[in-house]
Every structure is written in C-alpha cells, then in structure tokens.
Amino acid sequence: MSRIEEDPDREYRIDMEVVVDAYDSEERAMGWYYYISDNCEFPFKAKCIEKIRISPLDLDEKVDVLSVASADECEKKIFVEIKWSDRTLAVPLSQLNGIDVSDKTKEVIEDWHYWCQRGYEF
C-alpha cells in the first residue's frame, strides 16, 4: 500500500518522460538518472527532510547539491553529490528538498519523492 494518493498528472509525466520504453529495472534507473540530471539546475541548495541511517545529515541541515552521483551509484536509488564539511558525499535525493530552486528543479525533486512515497522501485 502506498503512503500517498495517486496523482494522475504526475503518473502520466513519469510514464511519458521518465520511464517511457523502460522494460526492466536497469532501464527505469537510467530513465530516472537522465531525467534528473537533464532537468535539475545544479548546483542548488537543499534541506534534509528525513534523517536516515546511511546518511550523515541531520534533520533540517542545509547543504549544497552539486550534481547527480555517478550512474553506477544510482542503480537502486537516486543519489546526489553534496558538499558536506570539507568532503563531497553522495546522499539519497529522497532525503532532500530544494531551497529556492527553479520550478522545473522543484517538479523533478517532487516527482522523485512521489515515486518513492508510492512505493515504486526500479
């Protein structure tokens, strides 16, 4: 059971722009990877909206998102590279919300959050 209601417009956009012609998990992962890398305006500021075990970020912590992580790192989930302390780390995009981002970047991030919250997988 999904955690949020179905959004027909978002479902259509994801089906037609992100995972169109994707027949397996690898193709769906690459569809998301290119959708995010082609449509987000990097770099951007973001805020941590969820504390998770695989990430060092604290709730409400603000970071600079530099880019999408490498395609190899995005085979199971979408990761983005952030500047954190004096290092560059990859953290899940699902953990972040953009701050003062363009409408398109906001839509892409919200599409990814929607996909995750609906329980969809590659």
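Looking across the range 16-36 at every residue that is under 13 Å from LYS104 (Cβ atoms) and modelled with pLDDT of 95 or more, the one that is surrounded by the most Cβ atoms within 10 Å (Cβ to Cβ) is identified as ILE36.
Of the numbered criteria (1) more than 18 Å from TYR34 (Cβ to Cβ); (2) in contact (Cβ under 8 Å) with a residue 24 or more places away in the chain; (3) among the basic types (Lys, Arg), the one LYS104 fails is (1). The selection criterion, being within 13 Å of the chain's Cα centre (by Cα) and either modelled with pLDDT of 95 or more or assigned to a strand (DSSP E or B) (or both), does not hold for VAL101. The residues of the range 1-50 that are in contact (Cβ under 8 Å) with a residue 40 or more places away in the chain, assigned to a loop (DSSP other than H, G, I, E, B) and hydrophobic (A, V, I, L, M, F, W, C), listed by number, are MET1, ILE4, CYS40, ILE49.
Annotation: MET16 fulfils all but one of (1) in contact with a helix residue (DSSP H, G or I) (Cβ under 8 Å, 6 or more places away or on another chain); (2) farther than 17 Å from PHE79 by Cβ; the unmet one is (1). Going by what's in this entry, would ILE82 be described as touching a strand residue (DSSP E or B) at 6+ places or on another chain (Cβ under 7 Å), within 22 Å of TYR12 (Cα to Cα) and crowded, with 17+ Cβ neighbours inside 10 Å? Considered against the rule, which asks whether it is touching a strand residue (DSSP E or B) at 6+ places or on another chain (Cβ under 7 Å), within 22 Å of TYR12 (Cα to Cα) and crowded, with 17+ Cβ neighbours inside 10 Å, ILE82 comes out as no. Within the range 51-73, if we keep just the residues that are within 14 Å of the chain's Cα centre (by Cα) and not in a helix (DSSP H, G or I), the residue that is surrounded by the fewest Cβ atoms within 10 Å (Cβ to Cβ) turns out to be SER70. One residue stands out among those in the range 76-88 that are at pLDDT 95 or above and either hydrophobic (A, V, I, L, M, F, W, C) or in contact with an Asp or Glu (Cβ under 7 Å, 6 or more places away or on another chain) (or both): the one that is nearest to LYS62 (Cα to Cα), which is ILE82.
The values are calculated or read from the model by the stated rules, or taken from the named source; none is laboratory data. Treat the numbers as computed from the prediction; the structure is a model and nothing was measured. Quick reminder, even Gly has a Cβ in these numbers, built from the backbone with ideal geometry, and neighbours come from all protein chains shown.
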